[in-house]
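Since every read-out is calculated from the coordinates, none of them should be taken as a lab result. Only a predicted model underlies this, so the values are computations on that prediction, with no experimental measurement involved. Here the Cβ positions follow ideal geometry from the backbone for every residue, glycine too, while neighbour counts run over all protein chains shown.
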Amino acid sequence: MRNIQMVDLQGQYARLSVEIDEAIKRVLLGADFIQGGAVRRLEDAISARYEVKHVIGCANGTDALQLAFMALDLPPGSEVITPAFSYAALTEVLLLLGLKPVFAEVDASTFLMDVAALEGLITENTKAIAPVHLYGQMVSMEPLMALAKRHNLYVVEDAAQAIGSQYCTPNEHGFAGTMGHIGTTSFFPSKNLGCYGDGGAMFTNDDALAKKLRQLANHGQTVKYQHDLVGMNSRLDTLQAAVLLAKLPHLLEFEKQRRAVAARYDVALAEISGLEAPQRTIDSSHVFHQYTLKCESEAMRNALKKHLMDCGIPSMIYYPIPLHQQTAYKQVVNLPVSEDLCGRVLSLPICSELSAEQQDYIINNIRNFIQKSQ
Ligand SMILES: Cc1ncc(COP(=O)(O)O)c(C=O)c1O
C-alpha cells in the first residue's frame, strides 16, 4: 500500500504528468515567466467556469486578502467581522492594514460563521464582513449579503478552501468567492486546485474594483513605471498558471473523488461512537477541502491522533487555537464554540488519490482505537 498522506500530490502528478510537463515546457520555451499568456488564459477560464466577471491572479491567498482590503481603502481602525475559528491569514492582513478584526462565533455543527449572530457585532465603525468558506462549504451568503446591504457593508469572501463550492437557494445562486464585493482564493499546493508553489486569485464583478486590484498587485501601475497607487509585487507566476490550467479541466473529477471519500468516511463513522462526522449546510455544496470530524473530548482527539500517527496515518488539527487567543491577535471575547472546536476537531486524509484500500486501513484503525478505549 502506498504511503498515506493528507493530500497525495505525488500520486496526482503521476496521473497528470504528461499534461503538466507539457504545460511547463511551453512556458520554459516561451520564457514569458512574468505575466505571460497562461496567466490571462487561466483568469479567463476561471471567470467563465465560476460565472464571475473578473479574475485577477496574484502571488498567494494571503496577498489576495491583503489586496482586497487595500482596494477597499477603509478608514484606519475600521471594524471587519470575521470568524475566530479559522486560518490566520485574514486576521493578519486586517491588522497589518490598521483595521480591527471583530471575531464572530461559528456554528458548532457546520464550523461556519454563524450569520444569525452577526447583527449584534455591528457598530458604527463596522465597514466590512469577511466570511471564510471553511473546509469546502459556504457560509450562508443570502442572509449575509442582505445584512451587509442593510448596514452598507462590504463583503470579502475568503474562498481559499472552497473553490468550486456552489451556493444554491430558490433566490440566490453563486460560486464561492463570487457573491460578495470581492472574493479571494489560494492555489497553495494542497488546495483543491493547487499549483507547485504559491499562488492565489481575486474575484469580483465590479469593474472599478477589478482595475484597482490588478493595479495594486503590480506595484500600483497601469502603465509601466507610472505608479499611481502604493501597491505590491504580487503576481501569479506564468509557470504556476500553466500548471493550474492543466489541472483545471480535472477539478470536477477531483471534487467527485473527494466527495466519494467523504461519503465512505460518513458511512463508517455512523457506526463508531464518540465521533461526529462533519455536517453539511443546506444551502451550498461541499467540495471537501477537509474532512473534519469532532471527537467527544480533547483528550480523546489527541489520543486518536497519536494512535493514527503510530499506524502511519497522518491527521491534522485545523485549528488548535482560536484567533482571539493567539498571542499576536489577542482579544478578550467570549467565543465558547470556537474554543471548544479547537480542542475537539481532527481532519483526516482526503484527496482525489486516496484509494479504497488506504481508506479502509484508516477506518479500521479508527475503529480499533475506539474499541480499545471503550
Ligand atoms: C482560509 C484560508 N485563507 C487564506 C489562506 C492563505 O492562502 P495562502 O497560503 O495561499 O497565502 C489559507 C491557506 O491555507 C486558508 O486556508
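Mind checking which of N152, N60, N205 has the largest fluctuation in a GNM of the chain, springs on alpha carbons under 10 Å?
N152
Given the C-alpha centroids of the stretch 76-114 and the stretch 1-32, what is the distance between them in whole angstrom?
What the calculation gives is 35 Å, centre to centre.
Quick one: E298, E92, E105, fewest Cβ neighbours within 10 Å first, how do they rank?
Fewest-to-most Cβ neighbours within 10 Å comes out as E298, E92, E105.
Given a 10 angstrom Cα cut-off, can you work out which residue in I272, I182, I56 is the most mobile in a GNM of the chain?
In this elastic network of the chain, the residue with the biggest mean-square fluctuation among I272, I182, I56 is I272.
Of all DSSP beta bridges located in the chain, what percent are antiparallel, nearest 5?
Counting only bridges with both partners in the chain, antiparallel ones make up about 65 percent.
Compute from the Cα atoms of the chain the Rg and the Dmax, the latter being the longest Cα-Cα distance, and quote both in angstrom.
Spelled out, the Cα radius of gyration and Dmax of the chain are 20.7, 69 Å.
Using only the Cα atoms of the stretch 250-373, what are the Rg and Dmax in Å?
For the stretch 250-373, the Cα radius of gyration and maximum Cα-Cα distance read 15.5, 46 Å.
Can you tell me the order of 38-45, 128-135 when each peptide is scored by its average per-residue count of other Cβ atoms within 10 angstrom, highest first?
128-135, 38-45
With a cap of 16 neighbouring Cβ atoms within 10 Å, and only residues DSSP puts in a loop, list the GluC sites (Glu not before Pro) found in the stretch 190-285.
E271
Among the chymotrypsin sites (Phe, Trp or Tyr not before Pro) in the stretch 168-237, which ones are in a DSSP loop with at most 12 other Cβ atoms within 10 Å of the Cβ? Mind listing them?
Within the stretch 168-237, the qualifying chymotrypsin sites (Phe, Trp or Tyr not before Pro) (loop, at most 12 other Cβ atoms within 10 Å) are Y225.
In nm, give the distance between the simple-model label positions of Q279 and L28, each being 7 Å from the Cα along the Cα-to-Cβ direction.
5.1
What's log10 of I(q)/I(0) for the stretch 86-183 at q = 0.13, 0.15, 0.16 Å⁻¹, Debye sum over Cα points only, no solvent?
-0.41, -0.56, -0.64
DSSP loop chymotrypsin sites (Phe, Trp or Tyr not before Pro) in the stretch 1-94 with at most 13 other Cβ atoms within 10 Å of their Cβ, which ones?
Filter output for the stretch 1-94: F33.
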